[in-house]
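The values are calculated or read from the model by the stated rules, or taken from the named source; none is laboratory data. Computed from a predicted structure; not experimentally measured. Heads up, the Cβs are rebuilt from the backbone with ideal geometry, glycines too, and the neighbour counts pull from every protein chain shown.
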Amino acid sequence: MLTLYKEELRAVMRGRFAWMGVAIVLLGLGGLAAVATQDSWLDGYGTIGYFLAPVCFLPLAAGMIASPRANRFVESVFTAPVDRQDWFVAKTLVILTLAGVYYLAIAPLAAVYVANVGMPFLLNRYLVWTPGILLVCVAVGTLIGVLFIGRSVAPPVATGVGVMLVYAVLVPLQELLVTRGYGATATGHVALISPLVLLKNGLGFTLATSAIPASTIMTWICLCLIVVGSLGLAAWIFLRAQGVESWEASPGQRVVIALGLAALVLVPALFGDTNYNKDAPPQNNAPDIPGLFLRGGGTLALVNPNGPAPTACCDTLLNRDQWPSLPVGQATRQDLLLFLPVDSKQRLTRLEIQVTGQSGLDVQVPPGAVTELLHNLETRTYPPGIGPADAAGHRVETGWVARIPISLIPNQPWDIGGIRYPIDVSATYVVDGSPQTNTINARAAVEAHVPNALAEMAGIGAVLPLLCLLAMLTRWKRTR
């Protein structure tokens, strides 16, 4: 069997341009990693590299198992002095080897992430979820490939694509149902047909919702049934119910096959755990910033030193339009503008401002800068009906603006890009002629990134594709 395994493995990459295909796939994943780094890496590349791409092994496995039938190589297996069982096991091991190679190929990208950020909870679960997805897809794809006897791989591959789409689509559907409180309904049970949902529930994490099942015993039993049942049924069909060119199953065997396929679909839907009454753990250490994505209406703005206020003002994400964002671990000099709800016709007699960063953001204000604010106020003219409301509820047309020089030093990142830190501003002021002390409390956020992480991701993601291209060129020179 070891010899069969080696020969089948070599046959996979025997084509002249097989290595080019591998290089293109890996280069695409590496490029996606580099692009996704500009924002949250786990939300971008994590979903693609650890969820969507592994599911593609389902039609791949179906096509590889069905191809010996299409090219009539299976005749050699059934007629030559080769044990059919050994050949089937070797073929399955080859597909599992390719799945393992894929997992190893994306490991360097995760290593770069962990080196810069650490190991968040979601990535920890991804690293277990992905090999589970690969194993499930190989098992189900092998069963689909065995079920089709014909001279074309199109039917099994098309069926594999259809099953793959069903499995993948049921994951966000299940998350939506759980979010709306319908996880235990009939539709929620239907979502458990997907082994990807079962595996996610068993590992106790979510992608978007906030609840997980309180118990997972039946979830793991159903998942094991799908994996072991698919491989076992595929092997039994190939060895006992099929001949060289046609089915040789007896009526009883056909009933067993139908019942086996029905069990793989119905048992998880009927008996999987759906008691979604346990809070899901946080995916990472990202803080909760209410109103982060609201545009306009803010009282804070962040500009370059001595720079003008933005024309369209103001987002709660203060540096949304600035690229690159703030570098982690480095001090960035900026001016924070606070738009006071006071008409410029009124004089301020006292102004005190405190700026505080949250979740690892260090905000430093130069000594004496706050005491000079009252004497260095600026003015801003607002469009009609847009200015802040003063104490009497009237819209300010031309109001005072306090410019605070600050240095921002983001620390303790929880992602490579798209790291958003809350920033709180508290101001008290007194208007001339009024004994009342007024208070303003404003909250916004700034975005930061890990320096050089984008280049590191792109560089390490290009190593394997370059090696594959080198292997392709070497083979091309030998075979031209």
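Of note:
- Of all the numbered requirements in (1) polar (S, T, N, Q); (2) over 30 Å from P287 (Cβ atoms); (3) modelled with pLDDT of 85 or more, T371 misses one, and that requirement is (3).
- Test: residue in segment 335-348 that is aromatic (F, W, Y), in contact (Cβ under 8 Å) with a residue 40 or more places away in the chain and touching a strand residue (DSSP E or B) at 6+ places or on another chain (Cβ under 9 Å): yes
- Every residue from segment 302-332 that is more than 31 Å from the chain's Cα centre (by Cα) and in a loop (DSSP other than H, G, I, E, B): N304, P305, N306, G307, P308, A309, P310, T311, A312, C313
- Condition met for L223 (assigned by TED's automatic domain parsing to the domain that holds P268, within 18 Å of L127 (Cβ to Cβ) and buried (at least 17 other Cβ atoms within 10 Å of the Cβ)): yes
- Some residue of segment 405-414 being assigned to a loop (DSSP other than H, G, I, E, B), touching a residue at least 60 places away in the same chain (Cβ under 8 Å), touching a helix residue (DSSP H, G or I) at 6+ places or on another chain (Cβ under 8 Å) and crowded, with 16+ Cβ neighbours inside 10 Å: yes
- One residue from G202, G188, G150, G145 being part of a helix (DSSP H, G or I), assigned by TED's automatic domain parsing to the domain that holds T130 and closer than 21 Å to A234 by Cα: G145
- Consider segment 73-99 and keep the residues that are of a type in the set (V, I, T) and at pLDDT 70 or above. The one that is surrounded by the most Cβ atoms within 10 Å (Cβ to Cβ) is I95.
- Going through (1) within 30 Å of D83 (Cβ to Cβ); (2) outside any loop (DSSP other than H, G, I, E, B); (3) of a type outside the set (A, V, I, L, M) one by one, P268 falls short only on (1).
- One residue alone among G433, G417, G393, G387 is buried (at least 20 other Cβ atoms within 10 Å of the Cβ) and at pLDDT below 90, and that residue is G417.
- Residue within segment 167-175 that is more than 19 Å from L52 (Cβ to Cβ) and among the charged types (D, E, K, R) present: no
- Check on L470, closer than 30 Å to W323 by Cβ, at pLDDT 85 or above and part of a helix (DSSP H, G or I): no
- Taken over segment 312-334, the criterion of being of a type in the set (A, V, I, L, M, F, W, C) and either in contact (Cβ under 8 Å) with a residue 12 or more places away in the chain or buried (at least 16 other Cβ atoms within 10 Å of the Cβ) (or both) is satisfied by A312, C313, C314, L317, L318, L326, V328, A331.
- A262, sole failed condition from (1) at pLDDT 90 or above; (2) surrounded by 12 or more Cβ atoms within 10 Å (Cβ to Cβ): (2)
- The residue that is farthest from the chain's Cα centre (by Cα), counting only those in segment 385-401 that are outside any loop (DSSP other than H, G, I, E, B) and under 15 Å from N438 (Cα atoms), is W400.
- Residues that are within 17 Å of Q330 (Cα to Cα) and among the aliphatic types (A, V, I, L, M) within segment 341-381 comprise L361, V363, V365, listed in sequence order.
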